[in-house]
Amino acid sequence: MQNLFADIPESLQEEQILPLLASGSVRIERIVSTGQSSPPGFWYDQQEHEWVTVLQGRGVVEYEDGRTVALKPGDHLHIPA
C-alpha cells in the first residue's frame, strides 16, 4: 500500500508530478504544488478531460475567459477537454 502524503519534499522549485496509475484512457497523478502557477498568458489545452481534487492547502483554477474557481481541501472539479 502507498500513501499520497508520503515522500513530499519540504520545498519545491517546481510542481512535483508523480504518476500513480495509467490504464487505457485513465491517468491518475499526484501533483504537489507549493504556490507555483503557470506563466502569464499560458493556457493548458489538452485532449483529455481532467478531474482535480485538493487534499491539503488551496488552489485556484483560472479559465481563459477569466473565470476562476477557488478550491479548498475536499473540493473537486471536472474540467472538460
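The values are calculated or read from the model by the stated rules, or taken from the named source; none is laboratory data. Please read these numbers as outputs of a predicted model, since none were measured by experiment. Don't worry about glycine lacking a Cβ; one is built from the backbone with ideal geometry, like all the others, and counts go over all protein chains shown.
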**Item:** the stretch 8-18, residues that are surrounded by 10 or more Cβ atoms within 10 Å (Cβ to Cβ) and in a loop (DSSP other than H, G, I, E, B)
**Value:** Ile8, Leu12, Glu15
**Prompt:** Within the stretch 66-76, is there a residue that is touching a Phe, Trp or Tyr at 6+ places or on another chain (Cβ under 7 Å) and either modelled with pLDDT of 90 or more or surrounded by 10 or more Cβ atoms within 10 Å (Cβ to Cβ) (or both)?
**Reply:** yes
**Message:** Considering only residues that are part of a strand (DSSP E or B) and either surrounded by 10 or more Cβ atoms within 10 Å (Cβ to Cβ) or not polar (S, T, N, Q) (or both), which ones fall in the stretch 21-50?
**Reply:** Leu21, Ala22, Val26, Arg27, Ile28, Glu29, Arg30, Ile31, Val32, Glu50
**Message:** Restricting to the stretch 10-24, name every residue that is among the acidic types (Asp, Glu) and farther than 16 Å from Gly57 by Cα.
**Reply:** Glu14
